Each structure stands twice: as structure tokens, then as C-alpha cells.
1. Do any GluC sites (Glu not before Pro) in segment 250-298 lie in a loop, going by DSSP, with at most 10 other beta-carbon atoms within 10 Å of their beta carbon, and if so which?
2. Run the quick spin-label model on M1 and I241: label points 7 Å from Cα toward the beta carbon, then report their separation in nm to one decimal.
3. Which length gain, in nm to one decimal place, applies between F126 and L161 when the Cα-Cα distance is subtracted from 0.36 nm times their residue separation?
4. Considering every pair of different Cα atoms, what Kirkwood radius, in Å, is found for the chain?
5. Each residue of segment 197-210 in order: what ³J(HN,Hα) in whole Hz does its phi give by Karplus 6.51 cos²θ - 1.76 cosθ + 1.60, θ = phi - 60°, with x for Gly and Pro?
6. Between A258, A320, A353, find the one with the highest GNM mean-square fluctuation for the chain; connect C-alpha pairs within less than 10 Å.
7. First measure r as the distance between the Cβ atoms of Q222 and A109, then evaluate 1/(1 + (r/R0)^6) with R0 = 51 Å and state the FRET efficiency to the nearest 0.05.
8. Mean separation of Cα pairs under 8 Å and 6+ residues apart, divided by the residue count of the chain: what relative contact order is that in percent?
Amino acid sequence: MDNGNKQIILTGDRPTGRLHLGHYAGSLKRRVELQNSGQFDEIYILIADDQALTDNADNPRKIRDNIVQVVLDYLSVGLDPEKITFCVQSALPALHGLTFYYMNMVTTARLARNPTVKAEIQMRGFEDEGLPVGFFSYPVSQAADITAFDANIVPVGEDQLPMIEQTREIVEKFNRIYGETLVLPKAVIPENECQRRLPGVDGKAKMSKSLGNCIYLSDTPQTVKKQINGKMFTDPAHLRIEDPGHTEGNVVFAYLDAFCTDGHFAEYLPQYSCLEEMKEHYRRGGLGDGTCKKFLIQILEETLRPIRAERARWEADIDAVYDILLKGTMKAREVTNGTLERVQKAMQIDYFADRRIVNEWEKILKAEK
Ligand code: ATP
Ligand code: MG
């Protein structure tokens with residue numbers, strides 16, 4: 001189905017912690033640009049608390065407490081409640097209904113093949129502990145989130161690509177069986193490879209709240225400095241400044257790739273005109289890790305300073321934050337209820353929408369006689 005050529009964005013985050021630089025690089029920065037482009041009819045951002053509970057069922061407090069943190073992070077990076085509808089998943093019962101029906105559109109074998117789910121199962125130790133059905137099937141609920149808003153654009157980091165693929169398959173199957181009902185969405189990921197999947201400060205995996213390898217948008221300048229100087233890996237073979245170094249697999253350079261612009265060189269490191277020149281010097285030898293880290297800290301501070309200031313402003317008015325979330329969630333409730341109705345009608349389970357079903361039933365009974 002097309003949605004009347006409307007441009008609708010749906011994206012979201014799990015309230016499992018404050019948002020970090022990986023979110024900023026992979027998704028938040030792009031969201032702000034899309035919001036300001038004026039090309040979209042509707043933008044919805046969903047705080048996926050139900051999804052977060054699929055692997056945090058024993059820790060509801062964590063999810064409850066982090067709702068406000070995530071909204072504060074949104075507001076502080078410049079997402080504008082006048083242009084965006086912020087909503088909370090658990091308060092949208094239509095999403096549960098859609099998930100239930102979409103379960104029939106997916107096989108367990110297909111879910112088990114989803115590479116992101118596979119990696120996350122391993123990371124969370126569910127292979128040994130036992131795998132909650134809710135976690136295993138969260139891609140189905142994500143399909144419900146996306147389609148409930150008739151979204152055609154979903155801006156995400158690279159780890160989410162298999163989810164959007166899964167959603168597309170569900171949409172195609174549903175439309176094939178029940179007629180054109182759902183909108184086919186498309187993922188939008190950053191062009192820059194390091195932004196798509198920012199590694200953690202330890203360089204081991206993607207930066208992820210659940211792995212504790214993060215620089216948070218709300219971290220103090222002291223913490224950022226400590227994380228970079230104390231934890232961030234460079235090239236273990238680069239022992240002395242004059243040694244040749246590797247920039248591939250070097251976490252500091254991955255971050256520079258994701259965040260620095262030529263303008264940053266003019267401002268902080270004018271001996272180079274661009275990152276490639278700096279990398280060449282590092283590879284040749286003669287450029288110390290300390291200089292690279294200092295440059296990275298300066299760049300990140302330029303991004304983080306205004307974010308912290310904006311957060312402080314909103315932190316002083318949590319009442320207003322609550323109202324933004326309430327208003328957005330009420331609007332989203334209406335929109336998603338509308339989609340559930342459409343889906344139930346397509347599935348012919350809308351018995352109470354039209355009393356003429358009585359005539360239908362009577363006809364069947366008469367025909368049997
Ligand atoms: P959790 O550990 O609870 O899964 P997370 O840190 O992976 O948390 P999510 O809420 O799952 O964060 O992801 C929200 C969005 O941010 C998704 O679009 C995801 O692709 C993007 N994202 C998360 N981590 C990164 C990263 N390191 N690099 C780029 N994008 C990321
Ligand atoms: Mg995640």
C-alpha cells in the first residue's frame with residue numbers, strides 16, 4: 001500500500017540507559033537533519049519500553065527510570081517537539097495487537113536466522129540461560145511499530161538493517177494474503193561506515209548501553225576525557241612516537257572518521273588539512289597517540305557542549321518533558337488504533353464494525369438448510 005505519498009518517519013530507542021555517541025552518530029544526528037529538512041509530513045519517535053523489557057523483565061525499574069533520560073537526550077540534541085511526535089510503546093495497545101497478528105507471518109526458522117538477534121542472544125547469554133520468547137520475537141514487534149505509523153522511512157544504525165528487512169517481509173506477506181494494507185518501509189543508514197556502527201571505547205564491539213563501553217551524551221568533560229585517555233585503544237604496536245602506526249582497527253581513528261570535519265583541522269590542528277593527511281603521518285611514524293586523543297577530545301567537546309547545556313535547561317522543567325511525552329503518546333494512540341482497525345478489517349475480524357454481518361451469518365445458515 002502507499003500512504004497517499006506521505007513521507008512518514010518512524011524511529012526509536014530502547015530506554016535501557018542514557019543515549020550515547022553511537023546513537024548520535026548512527027541515528028540522532030540524521031534525525032535532526034531530517035526534521036529540519038521540512039520534507040516529512042510526520043516524524044514519530046518511539047521509546048520502545050516493551051521491547052526493552054524483553055531482555056530486562058526482571059528489572060522494570062531500570063526501564064521506568066530511563067524513559068526520562070532518553071527524552072532528555074532527544075530534546076538536548078535538538079529534536080523539536082513541535083515537529084516530532086514522541087511516544088511510549090507500552091501506552092499504545094494497538095502495537096500489541098499488530099504484533100500478535102504478525103507472528104503468523106513469520107516462521108521461527110526465519111527469526112532464528114536474523115543476524116542481529118543471533119548476536120544479541122549470544123551477547124546476553126540467553127543460549128545458556130534460556131531464551132525468552134518475547135526477546136526472540138522482538139523483530140516482529142518492531143515490524144508492528146514501523147507499520148502502525150505507516151512509516152516509509154526508518155533512519156537507523158547498521159545493526160537494525162536485518163530488522164527492517166524482516167519488517168519488509170512481513171509487510172509483503174501480509175499484503176499478499178490480505179490485500180494491500182501495509183506500507184513497505186525503507187531503512188536509511190549513514191553513508192559514513194564508522195557512523196553506521198560506532199565501536200565502543202574498548203574497540204571490541206559496537207558501542208552499546210548493554211555493554212558498558214559508552215561515552216554518553218550527558219557525560220561530563222572530565223568523564224569523556226577519562227574514557228578516551230584511559231580506555232580508548234589505539235595501535236598496540238605503536239609504542240614510540242616515531243614508530244609507524246596502523247589507523248585501521250584503531251579506535252581513535254574510527255571516532256575521528258565518524259566525527260571530524262576539515263573545519264576541525266583548521267581550528268585545532270592546522271598542520272593538516274584533512275583526516276587523510278593526519279592518517280598518513282600516523283602511518284609513517286612521528287605522530288603520537290596523545291596528540292590524536294587530544295584532538296578527538298576537542299572535537300567531541302564541540303559536539304557535546306551545546307547538548308549538555310540544552311539538557312540542563314530541560315532538566316529544570318521535567319513537568320514540560322512529561323507533557324511533551326503525554327501529548328505525543330495520545331496522538332500516536334489515535335494513529336496506531338486506526339492502523340489496527342484497518343488491519344483487522346483486512347483480516348476480516350472486524351465483526352463489530354458493521355452490524356450487516358448479521359445478514360451474512362443468516363444467509364449462511366439459510367443456505368445450509
Ligand atoms: P541496547 O544495548 O539496550 O540494545 P543500544 O545501545 O544498542 O542499546 P538501541 O536503543 O538498541 O541502543 O538502538 C537505538 C538506535 O541507535 C538504533 O537505530 C541503532 O541502530 C542505533 N545505534 C545503537 N548503537 C549504535 C552504534 N554503536 N553505532 C551506530 N548506531 C547505533
Ligand atoms: Mg540495541
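The values are calculated or read from the model by the stated rules, or taken from the named source; none is laboratory data. Here the structure is a predicted model, which is why all the values come from computation and not from measurement. Ideal geometry is used to build each Cβ from the backbone, glycine not excepted, and the neighbour counts take in all protein chains shown. Ligands, DNA and RNA are excluded from the accessible area calculation, which covers all protein heavy atoms including side chains. Shrake-Rupley method; radii C 1.70, N 1.55, O 1.52, S 1.80 Å.
1. On the way: sites: E267, E276, E277, E280; in loops: none.
Sites meeting the loop and neighbour criteria: none at all.
2. Spacing of the two 7 Å Cα→Cβ label points: 6.5 nm.
3. Numbers: separation 35, 0.36 × 35 = 12.60 nm, distance 2.20 nm.
Result for the pair: 10.4 nm of gain on full extension.
4. Working: mean 1/r = 0.0443 Å⁻¹.
Result for the chain, one decimal place: 22.6 Å.
5. 8, 6, x, x, 4, 7, x, 7, 9, 5, 4, 8, 3, 6
6. Maximum fluctuation in the GNM of the chain, among the listed residues, is at A353.
7. Values: r = 50 Å, r/R0 = 0.97.
For Q222 and A109, the calculated efficiency is 0.55.
8. On the way: 544 pairs, mean separation 81.8, N = 369.
RCO, the chain: 22 percent.
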